[in-house]
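What follows is one structure encoded as C-alpha cells, with my remarks underneath.
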Amino acid sequence: MNAPIPRILLTGFDPFGGESINPSWEAVRALHGRRIGGHRIVALQLPTEFAGSLRMLKAAVREQAPAILLGVGQAGGRRQLSIERVAINLQDARIPDNAGVQPVDEPVIAGGPAAYFSTLPIKAMLAALHAQGLPAEISNSAGTYVCNHIAYAMLHLAAKRRGMRAGFIHIPYLPVQAAQRHGSASMALADVVRCLEIALRTAIATPVDRRLGAGALD
Ligand code: PCA
C-alpha cells in the first residue's frame, strides 16, 4: 500500500467589515487540491467569527492531521505580504465579528501561554519571496481580532501535536477593493497565490529556519 500523501491545511476567511470578498479565501481556494513538494493542499474557509472559526479549525485538524497548517487573512491597508512571527493570547475586537460578538481583553485559550512564535521558517520564506521579486515582510503583530485568534489557536494545537508546524500570513486588499478606498495598497490575486505557493514550498524544504536579520525598529 502506498503511504498517504501528507497534507497542508490552508485556511482563508469569509468577508467581514462590510466587504463583499475576502482575498484570503480567493487566494487559498485557488490552491485547493494542488500538490506541492509531495504534499496535498486542502483549502478551508473559516468564518470571521471567534468561536465558529475555532470550532471549525479544531475539527479540520483532527480530520486532516496536516503536516503544515497555514492560516491566511486580509489585513486591509498593509502594503505587502506579511509573514506573522507571533500570535498573542488575546482577543480585543474593534468591530463585532460576523456572529455579532465583540470580546474585549479576553484570552484565546484560558490558561494558555501569553504568546506563541510561528513554527514555520519565516526568514527562509521571506528570502524566497524576495528572490522571486515579490514584496513581503516579517510582521511582529497579527493584531487582536479573529486572525490573531486563529493564529494563536493553530500554534496552540501545533504545540501539542508532534510533526505539525503552523504559521500565519496576512495579505493586503485586492486591487478591486483598493479601488473603492482611494487607492489603498493592494496586491493582485495572482501574486498572492504565487507568494503562498513559494512560502509553502519553502516551508516544506526548510525544517530549520535560516538566520537572517528582518527585525523592526518600530
Ligand atoms: N482578517 C481579519 C479576520 C479575518 C480576516 O481575513 C483579521 O486580520 O483579524
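Every read-out reported here was derived from the displayed coordinates using simple, explicitly stated rules and does not represent laboratory data. Everything quoted here is computed from the prediction, not taken from an experiment. Glycine gets a Cβ as well: all are built from the backbone with ideal geometry, and neighbour counts include every protein chain shown.
At-a-glance table
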read-out: Residue within the stretch 107-128 that is of a type in the set (Ser, Thr, Tyr) and within 15 Å of the ligand (Cβ to nearest atom) present; value: no
read-out: Whichever residue in the stretch 35-50 is of a type outside the set (S, T, N, Q), touching a residue at least 60 places away in the same chain (Cβ under 8 Å) and part of a loop (DSSP other than H, G, I, E, B) and, among such residues, is nearest to Asp105 (Cα to Cα); value: Glu49
read-out: Selection count, the stretch 19-34, where residues are near the ligand (Cβ under 10 Å from one of its atoms), outside any helix (DSSP H, G or I) and not charged (D, E, K, R); value: 1
read-out: Members of the stretch 129-151 that are at positive phi and within 8 Å of the ligand (Cβ to nearest atom); value: Gly143
read-out: Failed item in (1) at positive phi; (2) in contact (Cβ under 8 Å) with a residue 12 or more places away in the chain; (3) within 16 Å of the ligand (Cβ to nearest atom), with Ser53 passing the rest; value: (1)
read-out: Output for the stretch 48-74, where each listed residue is touching a Gly at 6+ places or on another chain (Cβ under 8 Å) and surrounded by fewer than 23 Cβ atoms within 10 Å (Cβ to Cβ); value: Ala67
read-out: Conditions (1) within 16 Å of Phe168 (Cβ to Cβ); (2) loosely packed, with under 14 Cβ neighbours inside 10 Å: number failed by Arg79; value: (1)
read-out: Residue in the stretch 8-18 that is assigned to a helix (DSSP H, G or I) and either buried (at least 16 other Cβ atoms within 10 Å of the Cβ) or among the small types (Gly, Ala, Ser) (or both) present; value: no
read-out: Output for the stretch 130-173, where each listed residue is without any contact (Cβ under 8 Å) to a residue 40 or more places away in the chain and either of a type in the set (Val, Ile, Thr) or not in a loop (DSSP other than H, G, I, E, B) (or both); value: His130, Ala131, Lys160
read-out: Contacts under 6 angstrom Cβ, first residue in the stretch 9-28 being over 20 Å from Ile68 (Cα atoms), partner near the ligand (Cβ under 8 Å from one of its atoms) and part of a strand (DSSP E or B), 6 or more apart; value: Asn22/Phe13; Asn22/Gln74; Pro23/Gln74
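One line per residue, one yes/no per condition, for (1) over 20 Å from Leu200 (Cα atoms); (2) buried (at least 22 other Cβ atoms within 10 Å of the Cβ); (3) among the hydroxyl-bearing types (Ser, Thr, Tyr):
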position	(1), (2), (3)
Ile95	yes, no, no
Gly100	yes, no, no
Ala114	yes, no, no
Pro121	no, yes, no
Ala158	no, yes, no
Gly163	no, no, no
